[in-house]
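In what follows, a single structure is set out as structure tokens and then discussed.
The values are calculated or read from the model by the stated rules, or taken from the named source; none is laboratory data. Predicted model, so just to flag it, every value in this text is computed and none were measured. Please note: Cβ atoms are built from the backbone with ideal geometry, for glycine as well, and neighbour counts cover all protein chains shown.
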């Protein structure tokens, strides 16, 4: 098949990456997506680097077998650890969410520290600090893990008083550091924008990496001559796969994607323990 | 090896089953445990029956290869779905946590409905209602899923005002039903006993299935002539395995088990997709 006509692979532990898929569909209407949510093993946010790398390689093998022309790691926890291993294994470009978010945060920089919120795995990796310092060695970074945000979002408690309380507790250290912006370093968090803004106040900008990633995907596709001719928008050509039968995923997908996709269940190829 | 001297296999998605292991160590000091926490794929509470059965069979194969004389499914979500498949596959007795909890709830029955709290998977299975009705067809059962309890416990928010708020929201329907008792249908929940009692008040009894399971294990071992001669308590002979490197597990294990075990990381045998 013509390389430009091949689909783009996108993966996440579950539904969070749909915020990235949604933005890609909006910004790149000619492209066809193959999305995989590894829901049988979700969430990824508290897991170790070794395990996240193994899961990413298994998912990469699945997407490669589908003939994708690019892989987008639409999960911050996975992006924080698995990009080098994925790039070594795959013959197509691999785009993560962290570089894109870091670039947007640095682009808007006014001189105060940049805040980053994410899962425990993402924060522990210090991947955002490294990416931000690579772009601007002067920038101070204040990172905060918010492990309860994902379960609260998946439980649908998006506007509850409890979620507001939890957000107040997590975000207090960033307010004390007088951050100028906060990078939403988890693809679930755009759904909590309302609560997070309410706690942080109007002077702290939120950086939503989904939009930035879609922009970066476009740049890489164009640089590599892989961009599909822009066609009419046809949602039905995108494919959505999960590793756990999709009862729970289906309920959340509409909220994250803005519409209800058709979903198929798959088993990922298992890599040998040496991988 | 003499059958009685063989270890007992215990498994859970992660740390929760340690509340059962702890009680088994207390009640059965002569026994040796092999514990597996499937932390790479935890939590189990929102996952589908098909996936839970596959995970249980993989864990069962791992424990069988270790020569265990019995398998204890120390996870309510897994017990709710995987006991028949495990019993068909393994040649040793298999004990789940739900029967034991149901028996304790019915034993103390005074005539009002019995409350059950658990993960989404456990509640959706209606396994407690079936077990309770099997013992007492007159008993009314009111079940309530509490999906945020596990992440709150794992985040260590055991006594926080937020957790109290969440508990109030989840437990209100059970109070309205005027339940006489509440079965803690998730092995994590004994750590939240304080908050749950505070919300339910002194008239509603809590049923902690960990204790009941240990009692049932003893009964089955004795009936099958498999009980180890009671020896001196030696914690170091128990073995603890996890599927994700144990940084997070280690931090929580002391709280659940009452002491710090040595932990090894393993890969589970993968079963073919037909399994």
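Per the conditions (1) under 20 Å from residue B:63 (Cβ atoms); (2) in a helix (DSSP H, G or I); (3) within 14 Å of another protein chain (Cβ to nearest Cβ), the sole criterion not satisfied by residue B:252 is (1). Checking B:167, B:172 one by one, the residue that is over 30 Å from residue A:145 (Cα atoms), at pLDDT 95 or above and within 14 Å of chain A (Cβ to nearest Cβ) is B:172 and no other. Just one of the listed residues (A:87, A:110) is farther than 22 Å from residue A:142 by Cα, surrounded by fewer than 18 Cβ atoms within 10 Å (Cβ to Cβ) and away from chain B (no Cβ under 14 Å), namely A:87. Here residue A:139 clears all of (1) in contact with a strand residue (DSSP E or B) (Cβ under 9 Å, 6 or more places away or on another chain); (2) buried (at least 22 other Cβ atoms within 10 Å of the Cβ) except the condition numbered (2).
If I filter segment B:29-42 down to residues being in a loop (DSSP other than H, G, I, E, B) and more than 8 Å from every other protein chain (Cβ to nearest Cβ), which single residue comes out as surrounded by the most Cβ atoms within 10 Å (Cβ to Cβ)? So the residue we want is B:42. Got at least one residue in segment B:221-232 being within 14 Å of chain A (Cβ to nearest Cβ) and free of Cβ contacts under 8 Å to residues at least 12 places away in the same chain? There is no residue in segment B:221-232 that is within 14 Å of chain A (Cβ to nearest Cβ) and free of Cβ contacts under 8 Å to residues at least 12 places away in the same chain. The set of residues from segment A:3-28 being part of a loop (DSSP other than H, G, I, E, B) and crowded, with 20+ Cβ neighbours inside 10 Å comprises A:7, A:13, A:14, A:15, A:16, A:17. In segment B:255-275, of all residues being more than 14 Å from chain A (Cβ to nearest Cβ) and assigned to a loop (DSSP other than H, G, I, E, B), the one that is surrounded by the most Cβ atoms within 10 Å (Cβ to Cβ) corresponds to B:261. Of all residues in segment A:129-155, those that are more than 23 Å from residue A:201 (Cα to Cα) and more than 9 Å from chain B (Cβ to nearest Cβ) total 10. Of the helices (runs of 4 or more DSSP H) contained entirely in segment A:143-224, those carrying at least 1 residues that are farther than 22 Å from residue B:156 by Cα fall at A:161-176, A:193-200, A:209-223.
Summed over segment A:64-76, the residues that are crowded, with 24+ Cβ neighbours inside 10 Å and either at pLDDT below 95 or part of a helix (DSSP H, G or I) (or both) give a count of 1. Taking the conditions (1) over 26 Å from residue A:127 (Cα atoms); (2) out of contact with any helix residue (DSSP H, G or I) (no Cβ under 9 Å at 6 or more places or on another chain) in turn, residue A:178 satisfies each one other than (1).
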